[in-house]
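A.B. asks: Questions regarding the structure given below will be posed in turn.
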Amino acid sequence: MSTNSGWNSAARIAVVATLAFAAAATPAAARTLRKGTPYAAETTASVIGTADVHFVHDQTTNNVCEAEPSKSNLEQTYMLDWTAKYPHVTVPVADSRELGRAYRRLHVQEQPTSSGKGGLMLGDYDINGGGPPTEEGGQAAGGSDCTVKPYGQKGSFKSTGKPGFTRMDVKDFFNARRHLFFFAMPPLTADPPSYTDSLGNVDDVYGALSDAVNLVPEPANLLLAKGGWNTVPAEFSIGELKGLRRHSTVRLPANTYTGTHDCSAESNAEGSDVCSVNWTFKWTVVLHRRFLYRTRRAYRR
């Protein structure tokens, strides 16, 4: 009886010791981030984008002539195709769950670290409108203030300088401010650089483009920042970036921002002011892995 009891006690001690050893050994391994673990990648980024903007502005002014109002209209269309290549873009390839306590030390932000090459591949504009040839007022019905003189201009854009990058503050889905790096396309010049409206005023084409895109509202509280007509954020899903650990090239999902905005003013007895802007900005980034950054020693997780 005592012999069996002693044997049972010894067996229980052996089992408990085995379980304790296994419990201690497994977490210890799990708590260690091995030397040579990839945590970031140095890449070359190919950035391809299109920006299409359509702006319409119609104005009616009453009581200019005796029998009819003065009218003006303006329509602008801009089409831009961008292509740029950035030779040095650092991105993370491991998340906080994988890195554990070492995340603070090893995590890197998506960041271009050098200017790119390329710029605008194709850019066109088409501006047309009509309006009164004078603003003298007080003329009889059918006078010059109540006629419409058409005007128009077509041309192209070209880029000057190199694609660069910039750091901006944006707000996320929870209205928290974040710091992001953006790929920024080079400035543009128009050819012809200006157009003449019905009144004989000479207007700058690039200025007109800037006015139109400034009417595009910022996307509100989105998880991922959206690209603009000449910028796109260097912000990507870590799930996609992890693919660089296994593949030399990763094509990231397109970043698209499209919509229509009504920029009209409220109509009144004096007349009406109706305008709208329609836009589609689409960007695609392809990352080509140059090499992986790996841990040089083991870390506690």
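The values are calculated or read from the model by the stated rules, or taken from the named source; none is laboratory data. Nothing here was measured: the structure is a model prediction, and the numbers come from that model. Cβ: placed from backbone, ideal geometry, glycine included. Neighbour counts: every protein chain shown.
A.B. asks: Would you confirm whether any residue within region 128-136 is modelled with pLDDT of 90 or more and either surrounded by fewer than 17 Cβ atoms within 10 Å (Cβ to Cβ) or hydrophobic (A, V, I, L, M, F, W, C) (or both)?
C.D. replies: yes
A.B. asks: Looking only at strands (runs of 3 or more DSSP E) that lie completely in region 169-234, which have at least 1 residues being modelled with pLDDT of 95 or more and in contact with a helix residue (DSSP H, G or I) (Cβ under 7 Å, 6 or more places away or on another chain)?
C.D. replies: Working: elements: 177-184, 188-191, 194-196, 202-204, 231-233.
So the answer is 188-191, 194-196.
A.B. asks: If I ask for residues that are surrounded by fewer than 17 Cβ atoms within 10 Å (Cβ to Cβ) and of a type outside the set (S, T, N, Q), which ones from region 43-55 would you list?
C.D. replies: Taking region 43-55 first, the residues surrounded by fewer than 17 Cβ atoms within 10 Å (Cβ to Cβ) are 44, 52.
Within region 43-55, just D52 meets the criteria.
A.B. asks: Something else about it: Of all residues in region 242-257, how many are surrounded by 15 or more Cβ atoms within 10 Å (Cβ to Cβ) and in a strand (DSSP E or B)?
C.D. replies: The qualifying residues number 3.
A.B. asks: Based on this model, can you work out whether A212 counts as within 16 Å of the chain's Cα centre (by Cα), in the same structural domain as Y86 (by TED's automatic domain parsing) and not polar (S, T, N, Q)? Walk me through how you get there before you give the answer.
C.D. replies: Numbers: within 16 Å of the chain's Cα centre (by Cα): no; in the same structural domain as Y86 (by TED's automatic domain parsing): yes; not polar (S, T, N, Q): yes.
Criteria not met by A212.
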